[in-house]
Amino acid sequence: MRPSKSVSASRTIISLQMLPGDANPMGNVHGGTILKLVDVSAAVAAMRHSRTNVVSASIDRMDFYHPVYVGNLLILKASVNYSGRTSVEAGVRIEAEDLKTGKVTHTGSSYITYVALDDEGKPTEVPELVPHSAVEKKRWNEAKQRRTQRLQVLKQEAKNSK
């Protein structure tokens with residue numbers, strides 16, 4: 001039987017002020033800058049859960065709801081939503097805080113799947129995820145559905161490439 005962990009064991013918050021080098025000439029932070037930080041925060045959550053090296057396997061969604069501007073504090077809140085045998089899905093909530101007014105805006109969300117690797121670079125088992133709260137259970141069920149959809153797409157693509 002695999003060991004288990006709670007969602008709280010993976011919870012990660014990264015905050016970083018956005019600077020001119022992170023943005024275009026109009027002061028809007030590049031989506032790629034945000035995406036890189038999403039990957040970093042989600043990977044940290046996945047590593048906290050698995051306590052192994054992890055690699056990105058897929059990004060299910062990256063939705064940008066509102067712009068992020070130079071000077072904003074970018075806040076990335078990540079945690080593991082679901083664990084398979086050797087993979088985990090981490091969800092990231094992206095917020096921007098206007099440091100002058102204190103207003104916090106939910107600017108984006110993303111779901112990224114990681115595969116845990118052993119010291120030889122081979123996939124290795126991860127602990128089971130045990131959701132406790134109603135929100136964690138809802139996220140677990142939604143992540144399980146996304147996993148099923150991902151596996152169906154991969155199976156179809158493998159079939160089509162033959």
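No lab work stands behind these numbers, since they all come straight from the coordinates. It should be emphasised that the depicted structure is a prediction, and the values quoted were computed from it without experimental measurement. Here Cβ is always computed from backbone atoms with ideal geometry, including for glycine, and neighbour counts include all displayed protein chains.
Quick look at the numbers
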{"quantity": "Between helix 134-160 and the chain: long-axis angle, C-alpha atoms, 0 to 90°, nearest 10", "calculated": "70"}
{"quantity": "Where labels lie 7 Å past Cα in the beta-carbon direction, separation of K159 and R11 in nm", "calculated": "4.2"}
{"quantity": "Highest average packing first - 62-72, 116-126, Cβ atoms within 10 Å", "calculated": "62-72, 116-126"}
{"quantity": "Where labels lie 7 Å past Cα in the beta-carbon direction, separation of V55 and Y69 in nm", "calculated": "4.1"}
{"quantity": "GNM top mover of K103, K137, K36 - the chain, alpha-carbon springs below 10 Å", "calculated": "K103"}
{"quantity": "Note, ³J(HN,Hα) from phi for the stretch 10-20, Karplus 6.51, -1.76, 1.60, rounded to Hz, x at Gly and Pro", "calculated": "9, 4, 9, 10, 10, 10, 8, 6, 7, 10, x"}
{"quantity": "Among A143, A46, A57: highest mean-square fluctuation, GNM of the chain, C-alpha pairs under 10 Å", "calculated": "A57"}
{"quantity": "Choice from R93, R51, R150 showing the highest fluctuation, given a GNM over the chain with Cα pairs closer than 10 Å", "calculated": "R150"}
{"quantity": "Relative contact order for the chain, counting Cα pairs under 8 Å that sit 6 or more residues apart, in percent", "calculated": "27"}
{"quantity": "Degrees, to the nearest 10: 31-50 long Cα axis against longest axis of the chain", "calculated": "40"}
{"quantity": "Taking the stretch 1-93 and dividing mean pair separation by its residue count, relative contact order in percent (alpha carbons under 8 Å, at least six apart)", "calculated": "41"}
{"quantity": "Cα-based Rg / Dmax (Å) for the stretch 8-81", "calculated": "13.4, 41"}
{"quantity": "Cβ-based net charge around N141, under 14 Å, with every Lys or Arg adding one and every Asp or Glu removing one", "calculated": "+3"}
{"quantity": "20 Å Cα-Cα threshold exceeded, pairs from K36/K77; K77/K103; K5/K137; K36/K122", "calculated": "K36/K122"}
{"quantity": "Separation in nanometres of the label points that stand 7 Å from Cα toward Cβ, at H132 and L19", "calculated": "3.9"}
{"quantity": "Neighbourhood charge, 14 Å Cβ-Cβ cut-off, centred on I75 and excluding it, Lys, Arg +1 and Asp, Glu -1", "calculated": "+1"}
{"quantity": "The stretch 73-140: relative contact order as a whole-number percent, Cα under 8 Å and 6+ apart", "calculated": "32"}
{"quantity": "Net charge of neighbours whose Cβ lies under 14 Å from the Cβ of S50, counting Lys and Arg as +1 and Asp and Glu as -1", "calculated": "+1"}
